[in-house]
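Student: Quick one: structure below, then a few questions.
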Amino acid sequence: MNPGALVRYADRLPITEATPALTIGEGGTPLVRSRNLEGGFGIGALYFKLEGCNPTGSFKDRGMVVAVAKAMEDGMSRLLCASTGNTSASAAAYGAAAGLETVVLVPEGSIAPGKMSQAVAYGARVVTIQGNFDDALRIARELADYAERFALVNSVNPHRIAGQKTAAFEIVDDLGDAPDCLFIPVGNAGNITAYWAGFREYAQDGEATRLPRMMGVQAAGAAPIVNGAPVPNPETVASAIRIGNPANWARAVAARDESGGAIDAVSDDEILEAYGLLPAAEGIFCEPASAAAVAGLIKRARAGEDFSGSCVVCVITGAGLKDAPAAERLAVRPPESVPPDVEAVARLIERGQGA
Ligand code: F0G
């Protein structure tokens, strides 16, 4: 049985005897070796960390379980977050499990439908902001300052970062050491911050002999860190990382520089190419933001960077069903309709071979 991230790494998390042992099965996600892209792009060893296998379908659950357990311990009665969708789904789920009211602020018309369904199903109060994510986060921060007993569970909450470190621990525990490079999508920049903290902590404690290069990837239309300036109207097909002014900006830059890594931008076309390659070549269906990490790796490999001696991990941050309509952009064979007759089906399949 999966004990949950809180219990498994309890001695590395800010929990006390008074912290409730909350879990809905987060953490312990698979690290899967690539079957095709590794050879195709000449990478020594390529792995995918499948964070879409968390209970609400994204990596947010690792941090949320800690943030919500601490909110319970502190006697908070309400959770609050701004979100491009996944944080709100996760907050709503852990809020329901903990018996806390959850209020989520999301940018109107721009969160993926699966994520909206989750927040609604888990019973959160969903408020759509007539603006973008950066507007929603600004409002959430101000609201948390003056409204009573609201626990802000965005990645500005240090318990979120603490919980998300556990993914780095798991990668080292599975591989026996840190990888050479970690490719990870960057939005509000909490996750790259958390992984870097986790890898450093494990290396300091002798659990790993080395540190990875942190390779963050932003969408070109929402690439404030790459451009060195906030983006007032961020735009990208990868709605999860449609963020123009990340809260953890400085810490992402520190992770990049301290690790000798990079933060790159990839175009929507490059994201969509990786988004199609992952299911077709690896059997991994993720949401577009997650594919950005793989697009970043492919872009560097094509530009001639030599990964033949490297162990590379790509973090697949969220599940494909979160944003099912995005799959309509893939150049794949559409469903074919036939009468309920075995010969009709057989004829269609034979005719269609290799077409
Ligand atoms: N991938 C997915 C699927 C995400 O949902 C997010 C962020 C990221 C990557 C980027 O992570 O923000 O820590 O740099 N989603 C947030 C949300 C912003 O509200 O769900 P980050």
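Student: Of the residues that make up the range 92-107, is at least one part of a loop (DSSP other than H, G, I, E, B), on the phi < 0 side of the Ramachandran plot and crowded, with 20+ Cβ neighbours inside 10 Å?
Tutor: no
Student: Being hydrophobic (A, V, I, L, M, F, W, C), assigned to a helix (DSSP H, G or I) and crowded, with 24+ Cβ neighbours inside 10 Å is the filter here, so list the residues in the range 70-91 that pass it.
Tutor: The answer is Ala71, Ala89, Ala91.
Student: Select from the range 39-51 the residues that are surrounded by 19 or more Cβ atoms within 10 Å (Cβ to Cβ) and in contact with a Gly (Cβ under 8 Å, 6 or more places away or on another chain) and list them in ascending order.
Tutor: Within the range 39-51, just Glu51 meets the criteria.
Student: Condition first: out of contact with any Phe, Trp or Tyr (no Cβ under 8 Å at 6 or more places or on another chain) and within 15 Å of the ligand (Cβ to nearest atom). Now tell me which residues in the range 87-105 satisfy that.
Tutor: Thr87, Ser88, Ser90, Ala91, Tyr94, Val104, Leu105
Student: Something else: Among the residues of the range 10-40, write down those that are outside any helix (DSSP H, G or I) and aliphatic (A, V, I, L, M). First the steps, then the outcome.
Tutor: In the first step, residues of the range 10-40 are kept if they are outside any helix (DSSP H, G or I); the result is 13-36.
Leu13, Ile15, Ala18, Ala21, Leu22, Ile24, Leu31, Val32 - these are the residues of the range 10-40 that are outside any helix (DSSP H, G or I) and aliphatic (A, V, I, L, M).
Okay, residues lined up against (1) away from the ligand (no atom under 11 Å from the Cβ); (2) in a loop (DSSP other than H, G, I, E, B); (3) farther than 29 Å from Gly131 by Cα:
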residue: Asn188; (1), (2), (3): no, yes, no
residue: Tyr202; (1), (2), (3): yes, no, yes
residue: Glu207; (1), (2), (3): yes, yes, yes
residue: Arg210; (1), (2), (3): yes, yes, yes
residue: Ile225; (1), (2), (3): no, no, no
residue: Pro234; (1), (2), (3): yes, yes, no
residue: Glu258; (1), (2), (3): yes, no, yes
residue: Gly276; (1), (2), (3): yes, no, yes
residue: Ala280; (1), (2), (3): yes, no, yes
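Student: Take the conditions under 22 Å from Val266 (Cβ atoms), at pLDDT 95 or above and under 19 Å from the mean Cα position of the chain (by Cα) and apply them to Ala219. Does it pass?
Tutor: So Ala219 fits the description; yes.
Student: Sticking with this structure for a sec: Name the residues in the range 128-186 that are within 17 Å of Thr87 (Cα to Cα), assigned to a loop (DSSP other than H, G, I, E, B) and of a type outside the set (Ser, Thr, Tyr), would you?
Tutor: Asn132, Val153, Asn154, Val156, Asn157, Val186
The values are calculated or read from the model by the stated rules, or taken from the named source; none is laboratory data. Remember, it's a predicted structure, so these values are computed and weren't measured experimentally. Cβ coordinates were reconstructed from backbone atoms using ideal geometry, including for glycine residues, and neighbour counts include every protein chain displayed.
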